[in-house]
């Protein structure tokens, strides 16, 4: 006779269809929310809410491959809106759920614990999985999520306040020109990833409209974010940090290590996000501190 597998009991509670909150998971597991979070974080290396969210996205990807509609996949994964599901799916897989087809073979998302959805209703534990380092993953995903927070805050500005130069003559870099307004800072922030991905993918230099609107920036960010995440994950998976990129968009062309490109983007991204917060506050908008510690707590469904 075998003993109880307590870890499996906890996993079952986390993934039960009706357990949409940490409290419901804990109640089903006959544990406190604190104990459930502590044990799973220790033994599975992933907090309960984050684990549930990832596995249900994997199930949604598999269901979409079987012909399920995006709407049905979203509801089954516990999302209350198609927009929220599409955003989460795109950031996870690098393409929107509407582009998933029966030809796609990849549904597992990076997970150091190797725990994945296995159709039709089981879990699979892959013991030799290689995944993106936690630090790299957190840096990249926090940047993308925090950018959306700032864009949402900018929606509350009038057109005049959005474009108003509040730091006359201010430059973030010596080669990109002045960034004096909320509009200029956020446009450069989003546009940086667009430019680098164009160079990496061998595409033409992207259009950088002079008449920037918040709605345009939101659309551009939603398009570039999953592509950027997929690129960094691919570099990490291949160990391609020292690979060289010949950037034909430069005049004359220059070569860059991919690791230095990613570090460059993350460095200026962090600066511009905090600069945008400063400018938003000058415009009378209340903004949080953008602390990745708080963001990670929210991702894990933990209370501080």
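The residue list 281, 273, 237 contains one member that is surrounded by fewer than 18 Cβ atoms within 10 Å (Cβ to Cβ) and in contact (Cβ under 8 Å) with a residue 24 or more places away in the chain, which is 237. Put simply, of 32, 41 the only residue that is over 24 Å from the mean Cα position of the chain (by Cα), farther than 14 Å from residue 117 by Cβ and not assigned by TED's automatic domain parsing to the domain that holds residue 220 is 32. Pairs meeting the criteria (first residue in the range 23-45 and at positive phi, second residue outside any helix (DSSP H, G or I) and surrounded by fewer than 19 Cβ atoms within 10 Å (Cβ to Cβ), beta carbons under 6 Å, at least 6 apart or on different chains) are 45/112; 45/113. Residues of the range 199-215 that are part of a helix (DSSP H, G or I) and modelled with pLDDT of 90 or more: 214, 215. In the condition set (1) without any contact (Cβ under 8 Å) to a residue 24 or more places away in the chain; (2) farther than 30 Å from residue 133 by Cβ; (3) surrounded by 13 or more Cβ atoms within 10 Å (Cβ to Cβ), residue 18 is compliant with all but (3).
If you go through the range 21-31 and keep only what is closer than 11 Å to residue 48 by Cα and crowded, with 20+ Cβ neighbours inside 10 Å, you end up with 22, 25, 26.
Residues are listed down the side, and each one gets a yes or a no for (1) part of a helix (DSSP H, G or I); (2) in contact with a helix residue (DSSP H, G or I) (Cβ under 8 Å, 6 or more places away or on another chain); (3) closer than 24 Å to residue 142 by Cα:
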{"residue": "232", "(1), (2), (3)": "yes, yes, yes"}
{"residue": "236", "(1), (2), (3)": "yes, yes, yes"}
{"residue": "241", "(1), (2), (3)": "no, yes, yes"}
{"residue": "251", "(1), (2), (3)": "no, no, no"}
{"residue": "255", "(1), (2), (3)": "no, no, no"}
{"residue": "263", "(1), (2), (3)": "yes, no, yes"}
{"residue": "269", "(1), (2), (3)": "yes, yes, yes"}
{"residue": "275", "(1), (2), (3)": "yes, yes, yes"}
{"residue": "279", "(1), (2), (3)": "yes, yes, yes"}
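A quick yes/no check of all residues on (1) more than 19 Å from residue 266 (Cβ to Cβ); (2) assigned to a loop (DSSP other than H, G, I, E, B); (3) at pLDDT 95 or above:
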residue: 183; (1), (2), (3): yes, no, yes
residue: 186; (1), (2), (3): no, no, yes
residue: 190; (1), (2), (3): no, no, yes
residue: 197; (1), (2), (3): no, no, no
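The set of residues in the range 70-91 that are over 17 Å from the mean Cα position of the chain (by Cα), at pLDDT 90 or above and surrounded by 20 or more Cβ atoms within 10 Å (Cβ to Cβ) comprises 73, 74.
Of all residues assigned to the range 93-106, at least one qualifies as being closer than 21 Å to residue 145 by Cα, at pLDDT below 85 and in a helix (DSSP H, G or I). Out of 304, 227, one residue alone is outside the structural domain of residue 173 (by TED's automatic domain parsing) and at pLDDT below 90. It is 304. Total residues in the range 243-288 satisfying the condition of being over 23 Å from the mean Cα position of the chain (by Cα), modelled with pLDDT of 95 or more and over 30 Å from residue 161 (Cβ atoms): the figure is 0.
All conditions in (1) surrounded by fewer than 20 Cβ atoms within 10 Å (Cβ to Cβ); (2) in contact with a strand residue (DSSP E or B) (Cβ under 7 Å, 6 or more places away or on another chain) hold for residue 179, with the sole exception of (1).
The values are calculated or read from the model by the stated rules, or taken from the named source; none is laboratory data. On a predicted model such as this, the values are computed, not experimentally measured, just so you know. Methodologically, a virtual Cβ is constructed for each residue, glycine included, from the backbone with ideal geometry; neighbour enumeration extends over all protein chains shown.
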